[in-house]
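The values are calculated or read from the model by the stated rules, or taken from the named source; none is laboratory data. Bear in mind that the values here come from a model prediction, so they are computed numbers and not experimental data. Cβ placement follows ideal geometry from the backbone for every residue including glycine, while neighbour counts extend to all protein chains displayed.
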Ligand code: SF4
């Protein structure tokens, strides 16, 4: 256990260094906080050690109550306000008028349009004008993420993308959270390894992949929403 803790402390220090270097190199750096387990590690390091980095989360309007509860816990712990970015109200009204309030279940096009309006457009709006954005992706999460680099040019969004947790294991993430008694989404204790919007996320069964609970009614190759694109028709994921 002592060896694990030492390794995590070394990795946490490397994250702090990478983030500080990103601030030095790119000046304006923003973290798109997904509110998942990795986000608890990055939020802790940023808000306690690299506060020059701005943090925001996207409130799609369809999150779990447990996720809103987590936002409150974070704000209380760090005595900071988590900036929330919301979908454009006009676009959202048009979407629900045309597709219905739960239209995302009816077709892949409708689902992607909902993700575009509720997640991708707010994300693009939030990072516009920054020199780099920070993400909590880890290599072991997917084949596409295994190819990611710690710093890479994000041509889709026109700024650098900094991924300081690439080589962290899931066990290391959780050890960091538990050692520091950080808040986390209680849905993780109910077999929700990956948490997005409430209507589009379910618990997984033993043996299923960690993303099996996201858009579970779709084919595997379409289950993304666009922030970390891979070979598929449309953009991003959260
Ligand atoms: S995850 Fe579901 S509810 Fe959330 S933006 Fe995408 S389609 Fe809409």
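Restricting to region 54-68, name every residue that is surrounded by 15 or more Cβ atoms within 10 Å (Cβ to Cβ), more than 14 Å from the ligand (Cβ to nearest atom) and part of a helix (DSSP H, G or I). Answer for region 54-68, where residues must be surrounded by 15 or more Cβ atoms within 10 Å (Cβ to Cβ), more than 14 Å from the ligand (Cβ to nearest atom) and part of a helix (DSSP H, G or I): just 66.
Residue count for region 16-36, restricted to those that are crowded, with 21+ Cβ neighbours inside 10 Å and assigned to a helix (DSSP H, G or I): 2.
Filter region 76-99 down to the residues that are over 30 Å from residue 181 (Cα atoms) and outside any helix (DSSP H, G or I), then identify the one that is nearest to the chain's Cα centre (by Cα). Restricting to residues being over 30 Å from residue 181 (Cα atoms) and outside any helix (DSSP H, G or I), the top hit is 87. Taking into account only those residues within region 100-133 that are outside any helix (DSSP H, G or I) and surrounded by fewer than 17 Cβ atoms within 10 Å (Cβ to Cβ), which is nearest to the ligand (Cβ to nearest atom)? Within region 100-133, the match that is nearest to the ligand (Cβ to nearest atom) is 102. What do you reckon, is residue 136 away from the ligand (no atom under 11 Å from the Cβ), modelled with pLDDT of 95 or more and over 17 Å from the mean Cα position of the chain (by Cα)? No: the conditions fail for residue 136.
Results for (1) closer than 25 Å to residue 150 by Cα; (2) more than 14 Å from the chain's Cα centre (by Cα), shown as yes or no for each residue.
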position: 171; (1), (2): yes, yes
position: 175; (1), (2): yes, yes
position: 184; (1), (2): yes, no
position: 187; (1), (2): no, yes
position: 193; (1), (2): yes, no
position: 204; (1), (2): no, yes
